[in-house]
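What follows is one structure encoded as C-alpha cells, with my remarks underneath.
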Amino acid sequence: MYLHTRREFLSTGLKGVGLLATSAFVPTFITRTAAATGAARDSSILVVVQLSGGNDGLNTVVPFANDLYAKARPTLHLTGKETLKLDDSLGLHPSLIEFKNEYDAGRMAIVQNVGYPNPSRSHFRSMEIWQSGRDENDPSQREGWLGRYFDAQCEGADPTRRPGEIGMSFGKVMPQAFRNRSNVGLAISDPQTFQWNPSGETSTLASVQETIFEKLNQPNGGSGRMSPANAGGITGNEPDTINFLRHTAMNAVLAGDTIRGLLKKQKNRGSYPDGALAAQLQMVAKLIAGDFPSRVYYLAQGGYDTHSQQRDNHTRLLGDFSQSVGAFLADLRKQTISEKVTVLAFSEFGRRVAENGSQGTDHGAAAPLFLFGDNVKGGLHGPPPDLADLDDGDVKHQIDFRQVYASLLDNWLKTSSAKILGREFPGIPVV
Amino acid sequence: MGLLSPVPARRFTPYAASHLLWRAGFGCTWEEAEELSALGLDAAVDALVDYAPSGGSAPVSEDIQSPPEAAKVLEERLKAIIDEEIREKERRESYRREDELIGDLQAWWLQRMLASSPRPGGIPPLEEKLTLFWHSHFASGFQDKIRHTYPLWRQNKTFRDLATKSFPEQLKALIRDPAMLVWLDNASSQRGNPNENFARELMELFSLGVGHYTEMDVKEAARALTGYSVDRDDWSFRFRKNAHDPDEKTLLGQSGPWDGDAVVEILCAQPAAAEFMAGKFLTFFVCTQPEPAMITAVAEVYRNSGYDLKSLLQTLFRSELFYSAPAINTVVKSPVVLAIGALKGMHAPLPDADLLLGALQVMGQELFFPPDVNGWPGGADWINSNTLLVRYNFANFLMHGVSPDAFKMQERKMIDRAPSHREFLATQRNAAVDWQPLAQIEASGSARRMLSAKDIVDYFLREFLQREPARDLRTALVRLAETDGAGGMRSMNIRDKDFDERARGLVHLIMSSPDYQLC
C-alpha cells in the first residue's frame, strides 16, 4: 500500500492508517498518531506554564502576618487586607481571583519554598537547571526533563510504532526542557506559518509543487531517529542526516495540518482574556478536546523580572496569568475533559526578600510553585517561608523542585522518575 | 597516507572548490567556485588562508565606535530630571538606542559576510568565518550583562584581528577583553573573594574541556585573574593592581605568583589544549562528529606549529580528510551560512535587515546573542520542527518576498528592561528581495545552453546546491520544470513570459529540500 503523502494521509484520515503502521516508509507522525489515537482519550496530560524572569513569590503567596516581610519591603508589601486570604498568615496577591476560586475548590496546590541547592541567580543558568532537572555536571544535563520522558516513551519501541507526537511547545524555540534524543516534540510559534506554502500562481501549479515538496521531504526508510552515538551531532553519514531532516520536515508538516484542522473544528467554552498566554491556552484546550496526541504542552509568560516599579507590573502579570489559566480550566471543565489535565506553573527563581532602591526586587532563590487540576491535592504544601533564616538575603529552599517533578512523573505521567531525574527524589503528595 | 596528507591537485574540481568556500566562508557563486578551482589547490588555499586582515572597522557607524555614555553619567543626568515619567522615558530611550545600535552592528556583519569573496580585493571569507567561529567559541552576548554595543564591536574586532593567530595570543587578548570580563563577572573579581566564573569557563569551555582540571585549579586560576577588570567609564580594559592577588598559586601542578598571562601559558602547555581545540576546529570546518584519529592528527599539527591556526588551516584545507566522504555535504548549515549562501547564489544584495535578522533569530542564530557562554551548539541542534519549516519559509521569502509575521523581530532578551520599540518595516509581499533569474542567466552567458527543462534544472542546481544532486531530487525538479500551471505539459523556456516566476518556484523547492540544508 502506497500512502506517503500528506494529501493521501489527510484524505484517508487516521482510521485507515493503522494498516500502515508496520511500513518503515511512512512518516512517523502518521504511525505515531495512529498508535496513539486509541489511548488518547484516557491519557493524562501535563501543561507547563513557565513564568520567565523570576516571579516574586513573596508577593504572590504573601506572608502578610510576618513582620519581617513588611519591614523588608517598605513600599512593595501587601497587607493582609489587600490579599485574598488563604489562612491567618498567608494570602494570595489580589489579582489572583480565579486562582483563589480554584484553591477554595481544592483544585490548586501551592508548594512553598521550592528551589535547589546552591541556587544560581543567573536567569539563564537557573532556567537551565529547572529545565534539565539534573544535578550540576551531570552529562545528561543537555537533555531536558521532559525530553528524557519523551525518550523513555520511545525507547525500545518499534520506531514506526512509537507513541504520538508527545510534546508541543509554543514559541520560536524548543525549550530546553524538551531536548531529547528521539527527535520528537514540536515547537510552534504560529500554527498559520507552521506549514510549507507553495508559491505557484495557479492552484494546479501549487499542487504540483506541493506534491514535489512532499516527495523531496519523504522519509525513505530509516527511523529518523538519531542513533544515541550521534544524537546532537551527526557523523559523516549523510543518509542519516538526510533522513533526520526528512522526518523532521514531514512530521512538522503533518502535525501542522492536523493542528490547524483541530483548531478549526474544535470550540472553546467560556471567554478568555486577551493576551498571548490566553490565546495559546485556547489552542491547547482545543487540541486536548480534539485528542491531539501530545501528552505535554509547554507555554511561557514573560516579564517577571521586576527590578523596578514592580507593583503595577506584577499586578498586571499575575492578573493575566490567573485570568488566562482560570479561563482555560473553566473551559476544560465545561467540555468535561478537565480530569485529563494537570497544570504546573513555575519560575526560575523567586526574588530577594528585601526590595531594592527602585521599588523593585532583585534576583532571589526559593519561591512557591503551583499546580492546578481536578487531580491535584489542593492546599498548601510545605511550611511558609522562614524570613528569619535567610541565605544571603534569600528564602532558603525546603523542597527540591525535582520532588515535584518526581511526583508528576510517577503519579501523573506514570513513568519512573528515577530514570528521568537520574536518581530518586522523595515525591510530595501533590498529585 | 595520513588523514592530513594533501589530495592530488586534480581532485580540486569546482565542486571541491565550492565545498572549500562553504566551509571556509559563506558559500559562493558558481563562477567563484570555478575560478577558485582554476587557480589550483595550492594557490586557492593560499589565497583563502593567507589573507590580509581587514582591520574590520570601516564602515561601521561612528556611533558604534565610541564608548557609550558611562552609567554614572547617565544616572547623574537622569537624577536631574524631576518628573518621574520623563525620567523613565529617558532611561528607556538610552536602552532603545543600544538596541538599535546592536541591530546596526548585526546588519554590518551580515553585509561583510555577503560581500566576502575569494576574488582579489574581496573581503576575505575566512576572516568573517573565523570571526564567527571565535564569536561562538568565546561566546559573549549583548543580553543580560553587557547590554552595550560598543564592547561587542571591540570584541568582534579583536577576534577578527587575531583570527588566524596563535592560541596563546588569542587567550591573552581574551583575558583582557572588556565584554568577556563583564559577561563572566571577572571585572568585579577581587583578591580575597575571587569570582570563579571566568576562570572556570576559561578551562571548561575555552581551552581544556571538562575532566582536565580540578575545582582547586579553578579557584587558583580565579585568584590569578583577580584585578583583570574594566573601566566602566569607557569600557576599556583595566588591570586593578589593588584587586589582584599577587601571592603564590598552584595551577595544574605548577606553583608561582601567577598572573593571567601565566595562566594562559600553563593552560597551553597542557596536552588537552590542542586536542580540545582540534575537536572544535574539526566540528566547525570538517564534520560534525570527528573520530578520535582525526582529532589526534589535527592536534599534533596544531601543537607542533606552536598553535598557529594559519598553518593548521593551510594543512587542513588541502587534506584528504577535508575532501573525504565524511566531510562532504555532511554539515547542517548554520542559519547565517544558509541565509548568506542563498543570497550569494542569487547574486542579491542584503534584503531588509530587520526581516533578515528576524528570520535568523527564529532560525536560532542571532549574531551577538549566543544562547549562552557555550555558544551555538550547531550540528543537528539547528534543526527542529519549527526551525526547519522556518528555513523553508525563508526560501519563500527570498523567492517571493512572502514573509510570515514570525520573521518580525522578537522582543530582545532584555527581560528586565523596557522592550525594544524598534519599528518594524512592512511585511507585505515583495517587500524585500527582487530576484530576476533570467537576468542572472543572461549575465552569466549561459542563456544559449538553456535548451531543455533538464538544462534549466541543472543550471539552478549548480548555482544553488553546487554539488551532484541526488537522483530523486533532480528527477522531481525536472518533473516540475516540465509541468505547466494549467495541468498540461509545458516545459520551462527562458523565452516565456512566466520564466522568472517558474524559476523562482523551482529554486524555492531546491531550498525546501533536506539536501539544501547541508553543505
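Data overview
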{"item": "For region B:168-246 versus region B:459-519, the gap between their alpha-carbon centres in whole angstrom", "result": "53 Å"}
{"item": "5 angstrom amide H check on B:ARG238, placed H, neighbours 5+ away", "result": "B:SER229, B:VAL230, B:ASP231"}
{"item": "All-pairs Cα distance distribution in region B:114-265, expressed in whole percent, bin size 10 Å", "result": "11, 39, 33, 13, 4, 0"}
{"item": "Helix B:353-363 axis, angle to chain B major axis (alpha carbon atoms, nearest 10°)", "result": "80 degrees"}
{"item": "Peptide-level mean, for B:498-511, of C-beta atoms on other protein chains within 10 Å", "result": "3"}
{"item": "Kirkwood Rh, angstrom, the protein assembly as shown [1 / mean 1/r, Cα pairs]", "result": "29.7 Å"}
{"item": "Reciprocal mean inverse distance between Cα atoms of chain B - Kirkwood radius, Å", "result": "24.8 Å"}
{"item": "Region B:80-187 shape via C-alpha gyration tensor axes, a/c threshold 1.5", "result": "oblate"}
{"item": "Filter on B:LYS129/B:LYS219; A:LYS334/A:LYS377; A:LYS377/A:LYS419; A:LYS264/A:LYS377 - keep pairs with C-alpha separation over 29 Å", "result": "B:LYS129/B:LYS219; A:LYS264/A:LYS377"}
{"item": "For region A:399-409, 3J(HN,Hα) per residue [Karplus equation, 6.51 cos²θ - 1.76 cosθ + 1.60, θ = phi - 60°, Hz, x = Gly/Pro]", "result": "10, 6, 4, 6, 5, 5, 4, 4, 5, 5, 5"}
{"item": "C-alpha long axis of helix B:385-400 to longest principal axis of chain B, angle in °", "result": "60 degrees"}
{"item": "Residue order, fewest to most beta carbons within 10 Å, for B:ARG96, B:ARG176", "result": "B:ARG96, B:ARG176"}
{"item": "Charge dipole magnitude, Cβ of K and R +1, D and E -1 - the protein assembly as shown, Cα centre, debye nearest 20", "result": "2240 debye"}
{"item": "Ratio Rg/Rh [Cα only; Rh per Kirkwood] for region B:437-517", "result": "0.93"}
{"item": "Ellipticity estimate at 222 nm from DSSP helix runs (n ≥ 4, -39,500 (n - 2.57)) divided over chain B, nearest 500", "result": "-15000 deg cm²/dmol"}
{"item": "For region B:27-106, size of Cβ-based charge dipole, Lys and Arg +1, Asp and Glu -1, in debye", "result": "620 debye"}
{"item": "Chain B: angle of helix B:271-285 to the longest principal axis, Cα-based, in degrees nearest 10", "result": "30 degrees"}
{"item": "Computed log₁₀ I(q)/I(0) - Debye formula, equal Cα scatterers, no solvent, region A:40-155, q 0.12, 0.14, 0.22 Å⁻¹", "result": "-0.64, -0.81, -1.24"}
{"item": "A:LEU186 long-range amide H proximity, modeled H, under 5 Å", "result": "A:GLY167, A:MET168, A:SER169"}
{"item": "Rg to Rh quotient for region A:285-431, alpha carbon positions, Kirkwood Rh", "result": "1.00"}
{"item": "Positive-end extreme of charge dipole, the protein assembly as shown - chosen from B:GLY375, B:TYR150, A:ALA70 (charges on Cβ)", "result": "B:GLY375"}
{"item": "For region A:281-293, Karplus couplings with θ = phi - 60° (6.51, -1.76, 1.60), whole Hz, Gly/Pro x", "result": "5, 4, 5, 4, 4, 5, 5, 5, 4, x, 6, 4, x"}
{"item": "Column: log10 I(q)/I(0), Debye, Cα scatterers of region B:5-159, q = 0.13, 0.14, 0.16 Å⁻¹", "result": "-0.70, -0.77, -0.90"}
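Read the figures in this text as sums done on the coordinates, not as results from a lab. Fair warning: this is a prediction, and the values are worked out from it, not measured in the lab. As a convention, Cβ positions derive from the backbone with ideal geometry for all residues, glycine included, and neighbour counts pool all protein chains shown.
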